[in-house]
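Working notes, structure below.
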């Protein structure tokens with residue numbers, strides 16, 4: 001783990017939660033039965049990592065409201081997708097640790113709430129600096 005000062009997207013609690021959960025999903029998926037490693041295991045790893053990646057990409061484009069909202073919406077969708085894969089793994093018995101399932105599910109439920117709130121805030125309060133320069137706002 002890097003010991004440098006947190007900057008940019010790393011300061012966002014929503015990013016920190018998404019990154020932490022993706023690491024937990026990655027570790028969990030490596031303990032799945034062999035036949036799931038390349039099916040649901042691969043799918044859940046990709047969707048979970050996509051959440052934090054989309055947050056980073058959106059944050060990088062935050063001066064453009066529509067792009068920021070687009071990437072935050074993609075992060076929300078990937079978070080919902082991760083919950084779906086988690087449910088499949090638990091319901092099929094491939095993930096048989098109920099405590100871990102509930103912990104990860106709650107983490108992603110909370111993350112979805114954080115993303116939803118951030119999307120709402122950006123939608124309602126974001127001002128694009130580039131256009132404000134020309135409109136006088």
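All of the numbers you see were taken from the coordinates with simple rules; none came from a lab. Remember, predicted model here, so these are calculated numbers, not experimental data. Cβ placement follows ideal geometry from the backbone for every residue including glycine, while neighbour counts extend to all protein chains displayed.
Remarks
- Gyration tensor analysis over the Cα atoms of region 9-59 returns equivalent ellipsoid semi-axes of 24, 11, 5 Å (largest first, whole Å).
- Label-to-label distance for residue 123 and residue 26 is 3.2 nm, based on points extended 7 Å past Cα in the beta-carbon direction.
- Dividing the convex hull volume of the alpha-carbon atoms in the chain by its residue count gives 107 Å³ per residue.
- Helix 98-125 and the longest principal axis of the C-alpha atoms of the chain enclose an angle of approximately 10°.
- When each of the peptides 50-61, 97-108 is scored by the mean number of other C-beta atoms lying within 10 Å of its residues, the order from highest to lowest reads 50-61, 97-108.
- Spin-label model, residue 10 to residue 99: label points 7 Å out along the Cα-to-beta-carbon direction sit 3.2 nm apart.
- 0 to 90° range, to nearest 10: angle between helix 13-29 axis and the chain longest Cα axis: 20
- Helix-only mean residue ellipticity at 222 nm for the chain, each DSSP H run of n ≥ 4 adding -39500 (n - 2.57), per residue, nearest 500: -25000 deg cm²/dmol
- In degrees, nearest ten, helix 40-60 long axis to first principal axis of the chain (Cα): 10
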